[in-house]
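The values are calculated or read from the model by the stated rules, or taken from the named source; none is laboratory data. Note that the structure is predicted; figures quoted are calculated from it, not measured. FYI the Cβ positions are ideal-geometry reconstructions off the backbone, even for glycines, and counts take in every protein chain you see. Ligands, DNA and RNA are excluded from the accessible area calculation, which covers all protein heavy atoms including side chains. Shrake-Rupley method; radii C 1.70, N 1.55, O 1.52, S 1.80 Å.
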Amino acid sequence: DDDHVEEQRARYLGRLTRMAKAYAAIGADTELLSGGFYLWTRAPNDDAWAFAERLLRDGGVLVSPGEFYGDAGSPYVRTAVVQSDDAIDLVAGRLFTPHP
């Protein structure tokens, strides 16, 4: 019975999609990959460290600057969408809300 596998895929796809939309709303482009639970998002102005700080401050999201994973990752941040759906929705809502 592989129903649980499909349920888990759908769960993570939903989380990835919600976070990608939240990032797009604040000016960051994200390409959804075909699997997994990581989201790679290009930071505005390619400044991953500044974007990581902004996400933490405004959304309560802790991400990894892409340079941790090699030079090619430098303009990106990596987000693991492993929290509950409620937590993902909370973070996405915080990012959609304008901050002074």
Q: At 7 Å along the Cα-to-beta-carbon direction for both ALA72 and ASP1, put a label point, then send me their distance in nm to one decimal.
A: 4.1
Q | the chain: projected area of the alpha-carbon convex hull, averaged over directions, in nm² | A | 6.5
**Q.** Three principal axis lengths of the stretch 46-100 [C-alpha, angstrom, descending]
**A.** 33, 28, 12
Q. Averaged per residue, what accessible surface does the stretch 16-100 expose to a 1.4 Å probe, in Å²?
A. 58
Q | With all protein chains modelled, accessible area of ARG11 [1.4 Å, Å²] | A | 90
Q: Enter the angle in degrees (range 0 to 90, nearest 10) between the Cα long axis of helix 85-96 and the first principal axis of the Cα atoms of the chain, meaning the one along which they spread out most.
A: 30
Q: Within the stretch 1-51, list the GluC sites (Glu not before Pro) lying in a DSSP loop whose Cβ has at most 15 other Cβ atoms in a 10 Å radius.
A: GLU31
Q: Could you check how much of the accessible area of the chain is carbon and sulfur, as a whole percent, using a 1.4 Å probe?
A: 52
(Q) Quick check: residue separation of GLN83 and SER64 times 0.36 nm, minus the Cα distance between them. What number comes out in nm? (A) 5.3 nm
Q.
Show me, for the stretch 18-34, the HN-Hα J-couplings you get by feeding each phi into the Karplus relation (A = 6.51, B = -1.76, C = 1.60, θ = phi - 60°), rounded to Hz, glycine and proline as x.
A. 5, 5, 4, 5, 5, 5, 4, 5, 10, x, 10, 8, 9, 9, 6, 8, 7
